[in-house]
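A.B. asks: I have a structure I would like to understand better, so I am pasting it below and will then ask my questions one at a time.
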Protein chains: 2
Amino acid sequence: MSERVEDLYPSRLGGTPRILDRVDPVVYGKPGSNAPLSAEDTAFYERNGYLFIPEFFSSKDIAAYSAEMQALRRDRSLADKPWTITERGSGDIRSIFRVHDISPVFGQLCRDPRLVAIAEYLLDDQVYIHQSRVNYKPGFRGREFYWHSDFETWHVEDGMPRMRALSMSITLSENLETNGPLMIVPGSHKRFVSCVGRTPRDHYKSSLIKQEYGIPDDDSLMTLINDGGIDVPKGPPGSLLLFDCNVMHGSNSNITPFPRSNVFFVFNSLKNRVVRPFSGMPPRPEFIAARQSIAPIDARSLAA
Amino acid sequence: MSERVEDLYPSRLGGTPRILDRVDPVVYGKPGSNAPLSAEDTAFYERNGYLFIPEFFSSKDIAAYSAEMQALRRDRSLADKPWTITERGSGDIRSIFRVHDISPVFGQLCRDPRLVAIAEYLLDDQVYIHQSRVNYKPGFRGREFYWHSDFETWHVEDGMPRMRALSMSITLSENLETNGPLMIVPGSHKRFVSCVGRTPRDHYKSSLIKQEYGIPDDDSLMTLINDGGIDVPKGPPGSLLLFDCNVMHGSNSNITPFPRSNVFFVFNSLKNRVVRPFSGMPPRPEFIAARQSIAPIDARSLAA
């Protein structure tokens, strides 16, 4: 593994925020009649940095995934594992990482041939799971998640060299306008907000609960939002949200009784395997950022 | 002043939440051709507990009100007054109470003949200002405000005997779906959620920043929302929101760059003057709940 990779997206290196241009493509594959996304959908994704496909999964599938998520949340043996993130205060389980390893149901889901085909197409490479998790944003007391680019963290803290990764979020509950839905800044994925501050050691232990480093400054964020606005994909359970690794996103709190939950997979190009973290700090644990478990997912061989 | 008034809406008296029926009317006046609201609007207000009238004020008026609000926020002499509420952390001014006394502009606004006529009609009495304030919910770091009925607090902590008061909020910024807009539970004003816990002394000093007592339990809230849903009035600056003193409302946090601000007046019926607080605690200060300054507002004599 090359450990001397140029840092094209420097962040958390000093006191001055900057907005840099993205030097990597957004869509690596070639649209065409064999592509798993239409030319129109591909262009939308390229331009906006995300694509929302309502009701991608059947209600039967979603019932099974929801049941699995609830079973995992009730599993006492998971409660004190490092890959299980609990709410401050209540101790309720909010996220479980490496869920594609822990759960055969979600292990199968991330190998869904349709998902893998989309990932391989957009990244034009074999792919592996950089990170997976189930997220549960409870009702009544669901906390906000401040604006961030996932790539900023994956680059600085995990050593992901280039923007050649994407996330797929499968919604397990309805995204309403009121229950703290994900907000996305369209077009923000084409610029990189270099953040201020330095990464403290073991930052991940607190950042999974509340991010304090690697968040954009107000002026940069205002610039991105003035240019792109804010989109709020809304829809029933079973929707599929694809989003680029560098698109700016976040969510307000949720005081409604309606929880918001999803399963989340990060597909990374095999050519974009992580190197030494650009922060210079020790890497985060394997359950947050795969360094060893990088066998490519082959949808074809596993398709039922 | 009668100090032995029956407590028709007991709350914070024990450990069991209850949902009680409202025993007071919502609309006290008689609809008719002389009424300042149409029969349809009156019926909407009666049924839902609120009425949203977009662009009630001209953009010229709103520019003047916004300038006044900003001038008050910049006024250093107000920063350390008890009626000025600052954000934890930043120290930024979030609310200024008794603003109709402090500011001639807002003093005139609360006497707007159209507003007073609506208040006198819905409450069928002369009215006075129980409370007034400007609210500024900042962008980026605007905090949530949990569900509550204003009346619950005004009853328990201020001694407002009956549900014969209403709020008018004049928006000074756009209410978007993303900037933590006010959420209202339609129909919730016809029931009273009796809350658990007891009121600590000087509760107002912390409750204006974060409410911990007088908030509904999860089951009661779920019942109200299952029955009524959640409405989110959205619209441009200058909209007028009327809402009943007992309607359940709240707002999520606001991580967008777009602040949300308004001027807020509580009109109370002169027949519904506050008595000794039902909590048994000393009353809150005059700037939060008028006890002495209860001269009825007479729109006619002040109309320009």
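The values are calculated or read from the model by the stated rules, or taken from the named source; none is laboratory data. Predicted model only: the values in this text are computed from it and were never measured. Heads up, the Cβs are rebuilt from the backbone with ideal geometry, glycines too, and the neighbour counts pull from every protein chain shown. Keep in mind that these areas ignore ligands, DNA and RNA; they rest on the heavy atoms of the full protein, side chains included. Shrake-Rupley method; radii C 1.70, N 1.55, O 1.52, S 1.80 Å.
A.B. asks: Please go through the stretch A:112-133 and pick out each residue that is more than 19 Å from A:Arg291 (Cα to Cα) and either among the β-branched types (Val, Ile, Thr) or over 17 Å from the mean Cα position of the chain (by Cα) (or both).
C.D. replies: If the condition is that a residue be more than 19 Å from A:Arg291 (Cα to Cα) and either among the β-branched types (Val, Ile, Thr) or over 17 Å from the mean Cα position of the chain (by Cα) (or both), then A:Asp112, A:Pro113, A:Arg114, A:Val116, A:Ala117, A:Ile118, A:Tyr121, A:Asp124 are the ones that fit.
A.B. asks: If only one of A:Arg74, A:Arg4 is open to solvent by 50 Å² or more (accessible area, probe 1.4 Å) and either within 24 Å of A:Ser132 (Cα to Cα) or touching an Asp or Glu at 6+ places or on another chain (Cβ under 7 Å) (or both), which one is it?
C.D. replies: Working: A:Arg4 fails: either within 24 Å of A:Ser132 (Cα to Cα) or touching an Asp or Glu at 6+ places or on another chain (Cβ under 7 Å) (or both).
The conditions single out A:Arg74.
A.B. asks: Checking the conditions here, which among A:Asp217, A:Asp231, A:Asp227 is of a type outside the set (Val, Ile, Thr) and touching a strand residue (DSSP E or B) at 6+ places or on another chain (Cβ under 6 Å)?
C.D. replies: After ruling out the rest, the residue left standing is A:Asp231.
A.B. asks: Does A:Thr86 satisfy being free of Cβ contacts under 8 Å to residues at least 60 places away in the same chain and of a type in the set (Val, Ile, Thr)? Please lay out each step first, then the result.
C.D. replies: On the way: free of Cβ contacts under 8 Å to residues at least 60 places away in the same chain: yes; of a type in the set (Val, Ile, Thr): yes.
Taking the combined requirement at face value, the residue satisfies it.
A.B. asks: Of everything in the stretch B:97-119, what is within 20 Å of B:Asp244 (Cα to Cα), open to solvent by 40 Å² or more (accessible area, probe 1.4 Å) and part of a helix (DSSP H, G or I)? Give them in sequence order.
C.D. replies: B:Pro113, B:Arg114
A.B. asks: While we're on this one: Has the stretch A:35-54 got at least one residue that is over 22 Å from A:Ile184 (Cβ atoms) and either out of contact with any Pro (no Cβ under 9 Å at 6 or more places or on another chain) or not charged (D, E, K, R) (or both)? Talk me through it step by step, then tell me what you get.
C.D. replies: Residues of the stretch A:35-54 over 22 Å from A:Ile184 (Cβ atoms): A:35.
Okay, now just the ones that are also either out of contact with any Pro (no Cβ under 9 Å at 6 or more places or on another chain) or not charged (D, E, K, R) (or both), so A:35.
Within the stretch A:35-54, one or more residues are over 22 Å from A:Ile184 (Cβ atoms) and either out of contact with any Pro (no Cβ under 9 Å at 6 or more places or on another chain) or not charged (D, E, K, R) (or both).
A.B. asks: Among (1) of a type in the set (S, T, N, Q); (2) within 14 Å of chain B (Cβ to nearest Cβ); (3) in a loop (DSSP other than H, G, I, E, B); (4) open to solvent by 10 Å² or more (accessible area, probe 1.4 Å), there is one condition A:Ser293 misses while meeting the rest; what is its number?
C.D. replies: Failed condition: (2).
A.B. asks: Report whether or not B:Asp219 is closer than 27 Å to A:Leu176 by Cβ and open to solvent by 30 Å² or more (accessible area, probe 1.4 Å).
C.D. replies: Details: closer than 27 Å to A:Leu176 by Cβ: yes; open to solvent by 30 Å² or more (accessible area, probe 1.4 Å): yes.
Judged against the criteria, B:Asp219 is a match.
A.B. asks: Name every residue in the stretch B:212-233 that is of a type in the set (A, V, I, L, M) and in contact with a His (Cβ under 7 Å, 6 or more places away or on another chain), in order of residue number. Before you say what the answer is, go through the steps one by one.
C.D. replies: Residues of the stretch B:212-233 of a type in the set (A, V, I, L, M): B:215, B:221-222, B:224-225, B:230, B:232.
Correct list: B:Ile215 only.
A.B. asks: Here is a further query. Regarding the stretch A:126-135, can at least one residue be identified that is surrounded by 18 or more Cβ atoms within 10 Å (Cβ to Cβ) and either within 14 Å of chain B (Cβ to nearest Cβ) or at pLDDT below 95 (or both)?
C.D. replies: The answer is yes, given that some residue of the stretch A:126-135 is surrounded by 18 or more Cβ atoms within 10 Å (Cβ to Cβ) and either within 14 Å of chain B (Cβ to nearest Cβ) or at pLDDT below 95 (or both).
A.B. asks: Still on this structure, I have one more. Could you tell me which residue of the stretch B:31-61 is farthest from B:Asn175 (Cα to Cα), considering only residues that are of a type in the set (D, E, K, R) and touching a residue at least 40 places away in the same chain (Cβ under 8 Å)?
C.D. replies: Taking the stretch B:31-61 first, the residues of a type in the set (D, E, K, R) are B:40-41, B:46-47, B:55, B:60-61.
Checking which are touching a residue at least 40 places away in the same chain (Cβ under 8 Å) leaves us with B:47, B:55, B:61.
Details: B:Arg47: 23, B:Glu55: 12, B:Asp61: 18 Å.
Once the filter is applied, the top-ranked residue is B:Arg47.
A.B. asks: Out of the stretch A:46-69, which residues are in a loop (DSSP other than H, G, I, E, B) and surrounded by 14 or more Cβ atoms within 10 Å (Cβ to Cβ)? Working first, answer last.
C.D. replies: We begin by selecting, within the stretch A:46-69, every residue in a loop (DSSP other than H, G, I, E, B); these are A:49, A:54-58.
If the condition is that a residue be in a loop (DSSP other than H, G, I, E, B) and surrounded by 14 or more Cβ atoms within 10 Å (Cβ to Cβ), then A:Gly49, A:Pro54, A:Glu55, A:Phe56, A:Phe57 are the ones that fit.
A.B. asks: Within the stretch A:25-45, track down each residue that is within 19 Å of A:Phe56 (Cβ to Cβ), open to solvent by 40 Å² or more (accessible area, probe 1.4 Å) and in a loop (DSSP other than H, G, I, E, B).
C.D. replies: A:Pro36, A:Ser38
A.B. asks: Could you tell me which numbered condition A:Glu157 fails, if it satisfies all but one of (1) under 27 Å from A:Glu68 (Cβ atoms); (2) of a type in the set (D, E, K, R); (3) away from every other protein chain (no Cβ under 13 Å); (4) buried (at least 19 other Cβ atoms within 10 Å of the Cβ)?
C.D. replies: Checking A:Glu157 against (1) under 27 Å from A:Glu68 (Cβ atoms); (2) of a type in the set (D, E, K, R); (3) away from every other protein chain (no Cβ under 13 Å); (4) buried (at least 19 other Cβ atoms within 10 Å of the Cβ), the one that fails is (1).
A.B. asks: Yes or no: the stretch A:194-207 includes at least one residue that is aliphatic (A, V, I, L, M) and buried (at least 22 other Cβ atoms within 10 Å of the Cβ). If you could, list the steps in order and put the result at the bottom.
C.D. replies: Looking only at the stretch A:194-207, we keep the residues that are aliphatic (A, V, I, L, M), and these are A:196.
Filter once more, keeping what is buried (at least 22 other Cβ atoms within 10 Å of the Cβ): none.
No, that holds for no residue.
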